[in-house]
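The values are calculated or read from the model by the stated rules, or taken from the named source; none is laboratory data. Worth saying up front: this structure is predicted, and the values here are computed from it rather than measured. All Cβ positions, glycine included, derive from the backbone under ideal geometry; neighbour counts span all protein chains shown. Note: accessible area is taken over every heavy atom of the protein model, side chains too, but ligands, DNA and RNA are not part of it. Shrake-Rupley method; radii C 1.70, N 1.55, O 1.52, S 1.80 Å.
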Amino acid sequence: MNTEKRIYARFAGPQIFQEQGRLLFALLRVFAHAGYRITLYNYLGDQPMEKYGQMIHTLEGLELTDAAPEAPDGGWLLYDRADASLTRLPWRKRIQVRFDLFSPFWFSNPIIMPYPMHPLHSGTGPEKLAACRAMERKVRVFFSGDTENFHRVRIFYPRPKLPRLKIVDTIKARMGDDLVLVGDAEELQGLYQSSYTNKCVLTASHTVRIDFPDWLPTLARADFFLAPPGIIMPMCHNIVEAMAVGSIPITNYPEWLDPPLRHMENCIAFDDEDDLIARLRQALEMDPREIARLRANVLEHYRNHQRPETFIQRVEASEDRDLPVLMHTEGNVWKHAKKLGRKAILIQGTARPRGWLRRMAACYLG
């Protein structure tokens with residue numbers, strides 16, 4: 001039997017090509033990095049690929065084809081829309097990429113693909129991450145990121161999410177002497193070269209631009225990272241990047257990770273403006289031993305659940321020949337935000353009982 005790990009990938013819908021191609025790159029990269037040879041059907045023709053999608057051409061073992069697959073011989077199929085001419089072939093595993101995280105999935109056992117680092121950080125190796133984790137912490141709470149147009153609330157379950165702009169404005173208005181506003185890159189560099197700053201440090205994103213090579217080391221110098229929602233959906237690359245270097249997230253969307261983050265176990269979670277300020281002051285007053293405990297739990301969660309390698313291990317270990325894999329997308333939130341509720345797989349999590357009756361009972365009785 002052919003033991004080479006091979007995948008034939010064919011996508012017919014528009015969703016996988018959105019977000020400047022970062023979804024397609026993130027998906028194919030995890031399989032290529034795990035040693036799979038990927039044959040991708042050449043869907044584009046003469047159309048240009050957006051910038052992050054272009055990065056698929058850097059993946060080792062990836063080739064484009066215009067030909068229909070021959071006998072799979074133990075290979076896997078990776079697809080979005082069902083096509084009988086493909087799915088009827090004797091694939092060893094058929095992985096359907098889906099985006100409907102707000103659906104209940106009573107009759108299948110999906111895997112939620114961990115939200116990735118930004119494509120430009122995706123190649124960060126374990127040595128660099130280890131070096132970042134070992135850096136001396138210089139500030140207590142840190143945030144840097146865009147706020148323009150981050151004002152709309154789209155997610156209202158289990159309660160309305162404070163948008164990023166409201167979070168930042170509330171901190172500016174209410175943290176007083178416990179707040180440091182950094183106005184330029186030189187000021188930030190000076191802060192990181194000085195003694196420890198036990199305050200909440202915010203940068204003005206329009207004047208402080210942190211270059212991509214410096215982003216992870218910058219995150220790694222903070223004990224806590226403020227991780228507010230993105231412009232459309234809560235999930236952002238920065239919460240995963242912060243966890244990867246051992247910076248503890250302060251966030252209002254802990255349930256969006258699978259498994260969810262837990263307040264005072266591996267994050268600090270907040271709800272409204274008053275709660276936000278209370279949790280920030282809690283972080284500023286926290287004992288170093290408690291910070292160390294939280295950091296260790298954050299790194300454990302990242303290693304066990306957020307790394308691409310753990311996703312591949314779950315896919316390979318699944319006994320289901322037909323396996324749905326779900327991805328976080330802005331498009332799904334944009335169109336279906338009101339569908340999010342307690343029955344959603346995003347809220348239930350994928351560590352559910354096997355058997356649809358047990359899943360439904362756990363949902364309605366739990």
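Tyr115: over 21 Å from Val315 (Cα atoms), in contact (Cβ under 8 Å) with a residue 24 or more places away in the chain and surrounded by 15 or more Cβ atoms within 10 Å (Cβ to Cβ), yes or no? Against the criterion (over 21 Å from Val315 (Cα atoms), in contact (Cβ under 8 Å) with a residue 24 or more places away in the chain and surrounded by 15 or more Cβ atoms within 10 Å (Cβ to Cβ)), Tyr115 does not qualify.
Among the residues of the range 346-363, the one identified as under 19 Å from Val97 (Cβ atoms) and surrounded by fewer than 18 Cβ atoms within 10 Å (Cβ to Cβ) is Thr350. Of the helices (runs of 4 or more DSSP H) lying entirely inside the range 311-366, those containing at least 2 residues that are in contact with a Pro (Cβ under 8 Å, 6 or more places away or on another chain) are 345-348, 356-365.
Exactly one residue among Gly74, Gly45 is of a type outside the set (Ser, Thr, Tyr), in contact with a strand residue (DSSP E or B) (Cβ under 8 Å, 6 or more places away or on another chain) and modelled with pLDDT under 90, and that residue is Gly74. The sole residue among Arg133, Arg140 that is open to solvent by less than 40 Å² (accessible area, probe 1.4 Å) and under 30 Å from Ser194 (Cα atoms) is Arg140.
Scanning the range 183-202 for residues that are modelled with pLDDT of 95 or more and open to solvent by less than 50 Å² (accessible area, probe 1.4 Å) yields a count of 4. When residues in the range 267-279 are screened for being under 23 Å from Glu300 (Cα atoms) and open to solvent by less than 10 Å² (accessible area, probe 1.4 Å), 3 of them pass. Being open to solvent by 50 Å² or more (accessible area, probe 1.4 Å), of a type in the set (Ser, Thr, Tyr) and farther than 30 Å from Ile231 by Cβ is not true of Tyr36. Within the range 215-234, residues that are closer than 13 Å to Asp146 by Cβ reach partners that are assigned to a strand (DSSP E or B) with beta carbons closer than 9 Å, at six or more positions or on different chains, in the pairs Pro228/Phe143; Pro228/Ile250; Pro228/Thr251; Pro229/Thr251. Scanning the range 153-182 for residues that are within 16 Å of Asn252 (Cα to Cα), touching a residue at least 60 places away in the same chain (Cβ under 8 Å) and open to solvent by 30 Å² or more (accessible area, probe 1.4 Å) yields Arg154, Phe156, Tyr157, Pro158, Arg159, Lys166. Counting the residues of the range 329-345 that are open to solvent by 10 Å² or more (accessible area, probe 1.4 Å) and either within 24 Å of Arg359 (Cα to Cα) or among the acidic types (Asp, Glu) (or both) gives 10. Can you confirm whether the range 64-78 contains a residue that is among the charged types (D, E, K, R), more than 30 Å from Tyr364 (Cα to Cα) and buried (at least 18 other Cβ atoms within 10 Å of the Cβ)? No, that holds for no residue.
If you filter the range 287-302 down to residues that are of a type outside the set (A, V, I, L, M) and more than 15 Å from the chain's Cα centre (by Cα), you find that the one that is surrounded by the most Cβ atoms within 10 Å (Cβ to Cβ) is Arg295. Suppose we keep only residues that are aliphatic (A, V, I, L, M) and over 17 Å from the mean Cα position of the chain (by Cα) within the range 318-339. Which one would you say is farthest from Met233 (Cα to Cα)? Applying the filter and picking the extreme gives Leu323. Restrict the check to the range 303-317 and report whether at least one residue is in contact (Cβ under 8 Å) with a residue 60 or more places away in the chain, open to solvent by less than 70 Å² (accessible area, probe 1.4 Å) and either under 15 Å from Phe224 (Cβ atoms) or over 19 Å from the mean Cα position of the chain (by Cα) (or both). The answer is no; no qualifying residue exists.
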